[in-house]
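As structure tokens, the structure follows; a few thoughts come after it.
Laboratory data are not the source of any read-out in this text; all were calculated from the coordinates shown. None of the values given here were measured: they were computed from a predicted structure. Here the Cβ is made from the backbone with ideal geometry for all residues, glycine too, and neighbour counts use every protein chain on show.
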Amino acid sequence: MLRRALALIVVFLVGACATPIVVVDAGTPCEASSFTVLDDFGGARRGRCEVLANNHVRLSIVPEDDGYINPSPWFAFKLVPTAEVKAIVSLQYLGGHHRYVPKTSSDGLNWSPIDASQAEISADTTVATFTVSLENDAVWVSAQELLMPAAYDAWAVEIASQTDAERLLLGYSIGKRSIHYLVTDPSANNVLLLVGRQHPPEVSGAFAFFSFVETLLGDTELAARFREHFQIVAIPLMNPDGVLAGHWRHNLGSTDINRDWGIFNQPETRLVGELLEKLDSEGRRVRVFLDFHSTKRNAFYVQDHSEPTDPPNFFAAWFERATPRLDDYPFTYEPRFGEHPGVGKNYMYRRYGIPSATYEVGDETDREATRRAAVVFAEELMQLMLETLAEARR
Ligand SMILES: [Zn+2]
């Protein structure tokens, strides 16, 4: 009896408070008996790695600095097997809670979410444990698809080669990485300004951005007519440094750049300020501003009743037209007073009085539904902006 009780105690101790066999810091390969955890690629993030058992590692997931960080606990690492194994991974969030369904990829391009029902989340949601089956090849595990600056470059180069948009250099980030933008016909005096990826983990918003811009630049009759009247200025990747460093929120200046508009202390946002000065000095008029992000659900944050826009009630009209076409993309439309002046949407509203929205895509919203919805939103926006322009000329 005593022996059995002791055995139970030993099992309990091993199970609950496993003493790590190996402990290594971020940046050092972490070797379990049949696989190694690497964080040596763009977008990677893991903190300390502890090997708890032959096939079980615990990774601490920590934000980039000590300032206020939005709870967007990004992680990305690679599991490299030496034998076939079911690797058990525990993510221990320090300064955050489990949010993103882990996604795996064997090529870094095609991703699938793990079966969320087989992940075990602790009651306080600070630990998530799941299994990754490893055979011969390395497997990436990431909070969201790894959509790095090189992928943006490839996309923008391709778009510029196939459409009448040009890809131009806007300037450089703190880390001296280039920030590009796409721009169409300079003879149009009205401007539609779009920006994306101010916040590094917000990959789901990028899928909407790509599809939205592709629709604006498409060879449809509507898009061609739209581009005769509106210049499209699209900055897909505002925070390349944060994306490459696997940040939860900030740029390399420990700043949430979506709180820096108008202050323009950070080079990434200052570049936009300079672009706006240039557009203003050329006599162009920014008419609508959209800023693509991700949150837990599909939503648009827009001006409330105390903030009249020119043209008035633009968003209500836009969403009324889009909704009947969006059966598989539920979304909310949330007028709220834009209190913080450094948020892109609020700054653009205050500077120009125009409809300015944060376009939020749910973290786990189906990617194809996101793309299809962005086509609809882009089409309805073009139609509405053209009608509004025609009315103003009457
Ligand atoms: Zn955001």
| field | Restricting segment 251-354 to GluC sites (Glu not before Pro) in coil, as DSSP defines it, with at most 15 other Cβ within 10 Å | value | E282, E339
| request: Assign unit charges at the C-beta atoms only (+1 for Lys and Arg, -1 for Asp and Glu), then state the dipole size of the chain relative to its Cα centre in Debye, rounded to the nearest 20. | output: 660 debye
| task | In Å³ and rounded to a whole number, note down the convex hull volume per residue for the Cα atoms of segment 18-142. | result | 106 Å³
| remark: Between the alpha carbon centres of segment 79-108 and segment 309-357 the gap in Å comes to 37 Å
| Which of I114, F209, V24 sits closest to the plus end of the dipole of the chain, meaning its Cα is farthest towards the positive end, when Lys and Arg get +1 and Asp and Glu get -1 on the C-beta? | V24
| query | Hey, got the dipole for segment 243-394? About the Cα centre, +1 on K and R Cβ, -1 on D and E Cβ, debye to the nearest 20? | reply | 280 debye
| query | Based on the alpha-carbon gyration tensor of segment 329-394, what equivalent-ellipsoid semi-axes (square roots of 5 times the eigenvalues) come out, in whole Å, largest first? | reply | 24, 21, 8
| query | If you take the Cα atoms of the chain, find Rg, then find the Kirkwood Rh from the mean of 1/r over all pairs, what is Rg/Rh? | reply | 1.04
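Could you rank the peptides 157-165, 51-59 by their average count of other C-beta atoms within 10 Å per residue, with the highest value first?
Ranked by mean Cβ neighbours within 10 Å, highest first: 51-59, 157-165.
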| DSSP bridge pairs, the chain: antiparallel proportion in percent, nearest 5 | 60 percent
| Residue-by-residue Karplus 3J(HN,Hα) for segment 328-338, coefficients 6.51, -1.76, 1.60, Hz, glycine and proline x | 9, 9, x, 8, 10, 10, 10, x, 8, 4, x
| Long-range lysine pairs (8 or more apart or interchain), the chain, Cα under 17 Å | 4
| remark: Here the averaged projected area of segment 277-394, based on the convex hull of its alpha-carbon atoms and given in nm², is 8.1 nm²
| Globularity ratio of segment 197-236, using Cα Rg and 2.2 N^0.38 Å | 1.35
| What full-extension length gain, to one decimal in nm, is calculated for S106 and E387 as 0.36 nm per residue of separation minus the Cα-Cα distance? | 96.4 nm
| said: Using alpha carbons only, how many angstrom separate the centre of segment 211-234 from the centre of segment 361-394? | reply: 11 Å
| field | Charge-dipole axis of segment 18-142 as Lys and Arg at +1 and Asp and Glu at -1 on Cβ define it, positive-most pick from T129, G67, N54 | value | T129
| task | Only helical DSSP H runs with n ≥ 4 go in: add -39500 (n - 2.57) per run for the chain, normalise by residue count and round the 222 nm mean residue ellipticity to 500 deg cm²/dmol. | result | -9500 deg cm²/dmol
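So for the chain, averaging the separation of alpha carbon pairs under 8 Å that are six or more residues apart and normalising by length, what relative contact order in percent results?
Here the relative contact order equals 14 percent.
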| message | For Cα pairs less than 8 Å apart in space and 6+ apart in sequence, what is the mean separation divided by the residue count of segment 254-394, i.e. the relative contact order in percent? | response | 35 percent
| field | Packing-based ranking, highest mean first, of 256-262, 227-233 given that Cβ atoms within 10 Å are counted | value | 256-262, 227-233
